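Read the figures in this text as sums done on the coordinates, not as results from a lab. Being a predicted model, the structure only gives us computed values, none of them experimental. FYI the Cβ positions are ideal-geometry reconstructions off the backbone, even for glycines, and counts take in every protein chain you see.
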Amino acid sequence: MNPLSKFKAWFRLAKKEYPFDHTAFNLSTSINNKPYSRMVLLKKILPDGFIFFTNLNSNKGKQFKSNSNLSMCFYWDNLKKQIRIVGKGKICLEKESDEYFSSRLRGSQIGAWASKQSSLIKNRAFLIKKYKDYEKKFKNIPIPRPAYWVGIKITPIAYEFWEEGEFRLHKREYFYLKKNEWFRKILSP
Ligand SMILES: Cc1cc2nc3c(=O)[nH]c(=O)nc-3n(C[C@H](O)[C@H](O)[C@H](O)COP(=O)(O)O)c2cc1C
């Protein structure tokens, strides 16, 4: 049994509860034996992976370039459900990133140029000025995708589905890949 169908079923339930926020997940990266976590948005579910978009020059981008093992964690409190995924990240084809970038609001496209994500800035006025400068630069023309703004596809090697149970007897189902086949195990809460 491929756990992707279970993921999709829970994701659909979550969408009903949180029409936008259900896509938010915690993404963990690591570098030099130190872990780092932050929220990002899941933008595409494919048979072979989950895509989010980010700036490759950001801290997470640098961490990913040094170690492509990534971990994802979703929690939907109304459903009392958590999904954890471990996988390998890969930069998407340019076409994939171009397509998504061009679907974004113009303001967000300009923002992607203006913000050198994770770099230090003097103050907020500096950022707003950069935004205005790019707004002028791209006036009346389509905005190209910055080369550093990319999709990353995470191909899972393990999933864990967690559901709250009475008396803390939660349900934990663990799926892992072995020789291209998914295996299922039950874990103690
Ligand atoms: C709900 C939520 C969704 C976010 N979605 C994204 C996203 O899809 N991509 C992204 O690069 N940053 C996103 N962010 C911002 C990141 O959490 C983070 O602040 C930023 O990417 C810089 O992280 P870094 O310095 O570790 O690279 C989101 C933040 C929140 C709270």
Exercise for the section: Only residues that are without any contact (Cβ under 8 Å) to a residue 40 or more places away in the chain, among the hydrophobic types (A, V, I, L, M, F, W, C) and out of contact with any helix residue (DSSP H, G or I) (no Cβ under 6 Å at 6 or more places or on another chain): list them for the range 61-112, please. Expected result: Leu93, Leu105
Exercise for the section: Filter the range 28-52 for residues that are in contact with a Cys (Cβ under 8 Å, 6 or more places away or on another chain) and of a type in the set (A, V, I, L, M, F, W, C) and give the result. Expected result: Ile51
Handout entry: Residue that is surrounded by the most Cβ atoms within 10 Å (Cβ to Cβ), among those in the range 149-189 that are touching a Lys or Arg at 6+ places or on another chain (Cβ under 9 Å) and of a type in the set (Asp, Glu)
Key = Glu160
Practice task
Determine whether the range 69-91 contains at least one residue that is on the phi < 0 side of the Ramachandran plot, in a helix (DSSP H, G or I), within 14 Å of the ligand (Cβ to nearest atom) and surrounded by fewer than 19 Cβ atoms within 10 Å (Cβ to Cβ).
Solution key: no
Practice task
Answer with yes or no whether Lys44 is over 22 Å from Tyr148 (Cα atoms) and more than 10 Å from the ligand (Cβ to nearest atom).
Solution key: no
Handout entry: Cross-chain or 6+ apart pairs with Cβ under 6 Å, the range 136-165 first and in a strand (DSSP E or B), then hydroxyl-bearing (Ser, Thr, Tyr)
Key = Val150/Ser97; Gly151/Ser97; Ala158/Tyr176; Glu160/Tyr174
Handout entry: Set Lys15, Lys43, Lys60: member being in contact with a strand residue (DSSP E or B) (Cβ under 9 Å, 6 or more places away or on another chain) and surrounded by fewer than 18 Cβ atoms within 10 Å (Cβ to Cβ)
Key = Lys43
Completion exercise
All conditions in (1) within 11 Å of the ligand (Cβ to nearest atom); (2) free of Cβ contacts under 8 Å to residues at least 40 places away in the same chain are true of Asn55 except (2)
Problem - Qualifying position, being polar (S, T, N, Q) and either part of a helix (DSSP H, G or I) or touching a Pro at 6+ places or on another chain (Cβ under 8 Å) (or both), among Ser118, Ser97 - result: Ser97
